[in-house]
Amino acid sequence: MGIAAPVVKSNAQNSWARIPSRHIYYYRSSQHNDRWILSFAFIFESSDPVQFAYCIPYTYGQLQSWLSELDARKYPFFHRDLLAHTVQKRRVDLITIDGSPDTFQGSKKMVFLTARVHPGETPSSHVMHGIIEFLVSKDDRAQKLRKVYCFKIIPMLNPDGVYLGNYRFLSQTVSFLFLIFRCSLMGYDLNRMWRSPSDWAHPSIFAVKNLLTQYDNNPQAQTVIYVDLHAHSQKPNCFLYGNVSMTATTSRQLWLPHLLAELSEDYSLEFTQFNTDVEKAGTGRRTMGDLLSCLCYTLEVSFFSYRHVDSSGNGIQHCTPYLQYKYEALGEAFSRALLNFYEADCGLRDVSLERPFKTFLPARAQKSLKKQARKVIQTVMMK
Ligand SMILES: [Zn+2]
């Protein structure tokens, strides 16, 4: 899959760079209970400070100053609201991008996007940055997107966790668990709290769930898609996870993955999956998929690299490390895929599907789908 390479930045550099894979070594250490150890070689060329990170950082402060900068540009189609405060009183921002805000006549389609529920997954913020920058741009396709969709975006679902440098869990250390497990950090995984979020312990999830259900129940709005952005530490490339539902039109569920694969060399149809995994119950995608009438996905992007076949036509596969610009480019490609999705929805574009829906299901999901189908048939026969 390509080696998991940390990133480095010195004062002399403007951007983060990956440490070359030839300078990285992974080995199991018997002195550390046979755990994997990462070591790497780096030459310090001056006494200037140098920063190293697991992946390219994206902080709460960075988001706040960028949103203020966007606000200062005074776009008529851009609005920044305070959706909620976190437990530690940080802002949970709600961004609305809508080129014609007065046209709530039932014709406006809504797209909901969220990111960074897992605070360590910084690539999701870079992709979201690329999405928002494209949506507010002068590009013809961005202007069309603003006309046909109303975007509701929550760029950071877990500001406390991001600020405190947590990886997956909420900032609030639960002291008794801390003592029991002697763990330095133990809190909530906010992406398992969607089924019954508490307004005091999980205020961002509580507020976003309410917002989504309110719009879904509004007859003047038509929610089309909800996507929650994440980062993956084990698989390369980017890919979507979707839900398995007997009621959804399955081929329509495949449009977005295929449209994104057409536009982005790093998108992987191979890793795209529709599942019903028990361990994913309580996530935004699964919970909102059960509650909303729209398509719900998780977009995953690798922390490290993507595999792709080069354009020479001889089938040679390359493994390219992800850099910031590539995450942002994925954000642009994702936005353009949404426009193509709109055109497909209106019958203006055909989507060529590479494989049938069932090939995107893991074996256990295929079984569960068969079970559901049997139940439906039995119910119909009993009537
Ligand atoms: Zn995640």
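The values are calculated or read from the model by the stated rules, or taken from the named source; none is laboratory data. All values reported here derive from a predicted model rather than from experimental measurement. A quick note on method: Cβ atoms are made from the backbone with ideal geometry, for glycine too, and the neighbour counts reach across all protein chains shown.
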Boolean, His79 is out of contact with any Leu (no Cβ under 9 Å at 6 or more places or on another chain) and modelled with pLDDT of 95 or more: no
Among the residues of region 323-336, write down those that are of a type outside the set (Asp, Glu) and in contact with an Asp or Glu (Cβ under 8 Å, 6 or more places away or on another chain). Lys326, Leu330, Gly331
In region 124-163, residue nearest to the ligand (Cβ to nearest atom) [restricted to those that are within 21 Å of Thr283 (Cα to Cα) and among the hydroxyl-bearing types (Ser, Thr, Tyr)]: Ser124
Would you check which residues across region 107-123 are over 11 Å from Asp228 (Cα atoms), within 15 Å of the ligand (Cβ to nearest atom) and hydroxyl-bearing (Ser, Thr, Tyr) and list them? Thr122
All-but-one check, Thr213 against (1) farther than 30 Å from Cys319 by Cα; (2) within 16 Å of the ligand (Cβ to nearest atom), failing number (2)
When you check Ser311 against the structure, is it more than 16 Å from the ligand (Cβ to nearest atom) and either touching a residue at least 12 places away in the same chain (Cβ under 8 Å) or in a helix (DSSP H, G or I) (or both), yes or no? no
Scanning region 200-256 for residues that are surrounded by 15 or more Cβ atoms within 10 Å (Cβ to Cβ) and of a type in the set (Lys, Arg), which turns out nearest to Phe304 (Cα to Cα)? Lys235
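Is it the case that region 255-263 has a residue that's at pLDDT below 90, assigned by TED's automatic domain parsing to the domain that holds Tyr322 and either more than 15 Å from the ligand (Cβ to nearest atom) or part of a loop (DSSP other than H, G, I, E, B) (or both)?
There is no residue in region 255-263 that is at pLDDT below 90, assigned by TED's automatic domain parsing to the domain that holds Tyr322 and either more than 15 Å from the ligand (Cβ to nearest atom) or part of a loop (DSSP other than H, G, I, E, B) (or both).
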When region 218-254 is examined, which residues are found to be in a helix (DSSP H, G or I) and either modelled with pLDDT of 90 or more or within 16 Å of the ligand (Cβ to nearest atom) (or both)? Arg252, Gln253
When every residue in region 325-351 that is of a type in the set (Asp, Glu) and within 14 Å of the chain's Cα centre (by Cα) is compared, the one farthest from Ser137 (Cα to Cα) is Glu328
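For every residue, the table says whether it meets (1) within 28 Å of Pro203 (Cα to Cα); (2) touching a Cys at 6+ places or on another chain (Cβ under 8 Å); (3) assigned by TED's automatic domain parsing to the domain that holds Phe151; (4) not in a loop (DSSP other than H, G, I, E, B).
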{"position": "Tyr26", "(1), (2), (3), (4)": "no, no, no, yes"}
{"position": "Gln31", "(1), (2), (3), (4)": "no, no, no, yes"}
{"position": "Leu38", "(1), (2), (3), (4)": "no, no, no, yes"}
{"position": "Ile43", "(1), (2), (3), (4)": "no, no, no, no"}
{"position": "Ser47", "(1), (2), (3), (4)": "no, no, no, no"}
{"position": "Lys74", "(1), (2), (3), (4)": "no, no, yes, no"}
{"position": "Asp81", "(1), (2), (3), (4)": "yes, no, yes, yes"}
{"position": "Lys89", "(1), (2), (3), (4)": "yes, no, yes, no"}
Flag if Arg349 is of a type in the set (Lys, Arg), out of contact with any Ser or Thr (no Cβ under 7 Å at 6 or more places or on another chain) and part of a strand (DSSP E or B): no
Any residue that is more than 14 Å from Gly284 (Cβ to Cβ) and within 16 Å of the ligand (Cβ to nearest atom) - is there at least one of those in region 194-209? no
